[in-house]
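Read through the structure below, which is laid out as structure tokens, and then see the notes.
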């Protein structure tokens, strides 16, 4: 059973608040148990209101597995309603951001395929993306490595082990104990690939998965996927093409979200902090699609905010993105917040965001040339075009920029840069 929700949604198992999404009792209790743990991440917040129990979803998006049979597709909140059209729009935003996580998705997705995928729920989308990666790997051919084999043979192969078992040699002089290296496809990465495919052998992709498993038929099953994963991550560069598989193994075999989430006690599912996902997507897209004459730094730490009495620099500044071209500098900060009301007024924006960017601007003005500041927010129906720039000071403009997640990354970057007047 698949439920759909957005960030900040209410979850319940009894009909209290009409805005709450009702879950089966077992699923709600499983999530409540996690939320009440001392070491739980702030994905869910449990509270009681007027005698009713609720869970509030935090600023996370992706897929939340409540029980083996109940999952929740958590979408970005880009509108107030969850109509069918809004669901597709929100899933489009989520998928575009997810595809920027290189550890999970090493291959770009054609726009034609993208527009088809967003019409399916996240479990089916993720399965399709995993199988696409697996197919490319299988087409290149499974990687082999060497393993040492010890046998008794009627001929010498590799190294003789005469001192290992002299009694056996005396009893059977026709069999020589030897040790030799043999190339094999039975290695940790291939065992993990097979185990991951087995987890996806049900549903609409069963036939395709069976075809891939046939190619892996001679490879034995993994006996301990955690041990195999640790071994696989220590292998040399010849297995670099498998690197995308490791975070998927954590999810498919361990049930934990890889990628941008941290910590050992993670909630089962594939969940990402929306702010970090949005921040990563915008930065990676700018780096990929800005013209080559622009130099881009992500989270650079070139300057400090303060100097103490001894002249030592303190409070390092880390703007999300800094772009340079000649003497011109653009400092951009990304915020996953919905801009409400008229975008031509900044009274509804968080003062902390405005003060932070002002501090960046003042320091960079002191050290470098012309500086422009930009706050990038997700585009919504209420915030679809950039207003004229505001100004902290005559020589320090502030641009409010909508990032359009409904179009390709290259189109989004072109629009952002056009809004900056470049």
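The values are calculated or read from the model by the stated rules, or taken from the named source; none is laboratory data. In this text, all values refer to a predicted model and were calculated from it rather than measured experimentally. A quick note on method: Cβ atoms are made from the backbone with ideal geometry, for glycine too, and the neighbour counts reach across all protein chains shown.
What is the residue count in region 191-222 for residues that are more than 24 Å from the chain's Cα centre (by Cα) and within 19 Å of residue 145 (Cα to Cα)?
So the answer is 8.
Just for region 389-404: of the residues that are touching a strand residue (DSSP E or B) at 6+ places or on another chain (Cβ under 9 Å) and in a loop (DSSP other than H, G, I, E, B), which one is surrounded by the fewest Cβ atoms within 10 Å (Cβ to Cβ)?
395
I need the full set of residues from region 71-92 which are touching a residue at least 40 places away in the same chain (Cβ under 8 Å) and touching a strand residue (DSSP E or B) at 6+ places or on another chain (Cβ under 7 Å), in order please.
71, 72, 73, 74, 75, 76, 77, 78, 79, 82, 87, 90
State yes or no: is residue 329 touching a strand residue (DSSP E or B) at 6+ places or on another chain (Cβ under 9 Å), closer than 17 Å to residue 391 by Cα and modelled with pLDDT of 90 or more?
It is true that residue 329 is touching a strand residue (DSSP E or B) at 6+ places or on another chain (Cβ under 9 Å), closer than 17 Å to residue 391 by Cα and modelled with pLDDT of 90 or more.
Residue by residue, here is whether (1) outside the structural domain of residue 13 (by TED's automatic domain parsing); (2) modelled with pLDDT under 90; (3) within 14 Å of the chain's Cα centre (by Cα) holds:
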residue: 68; (1), (2), (3): no, yes, no
residue: 85; (1), (2), (3): yes, yes, no
residue: 97; (1), (2), (3): yes, no, yes
residue: 100; (1), (2), (3): yes, yes, yes
residue: 106; (1), (2), (3): yes, yes, yes
residue: 110; (1), (2), (3): yes, yes, no
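Residue by residue through region 112-144, note down the ones that are in contact with a strand residue (DSSP E or B) (Cβ under 7 Å, 6 or more places away or on another chain) and either more than 30 Å from residue 235 (Cα to Cα) or modelled with pLDDT under 85 (or both).
If the condition is that a residue be in contact with a strand residue (DSSP E or B) (Cβ under 7 Å, 6 or more places away or on another chain) and either more than 30 Å from residue 235 (Cα to Cα) or modelled with pLDDT under 85 (or both), then 121, 122, 123, 144 are the ones that fit.
Here is a check on your reading of the model: is residue 381 over 29 Å from residue 90 (Cβ atoms) and either out of contact with any strand residue (DSSP E or B) (no Cβ under 6 Å at 6 or more places or on another chain) or crowded, with 16+ Cβ neighbours inside 10 Å (or both)?
no
Filter region 33-79 down to the residues that are buried (at least 18 other Cβ atoms within 10 Å of the Cβ) and more than 24 Å from residue 92 (Cα to Cα) and list them by number.
34, 35, 41, 54, 55
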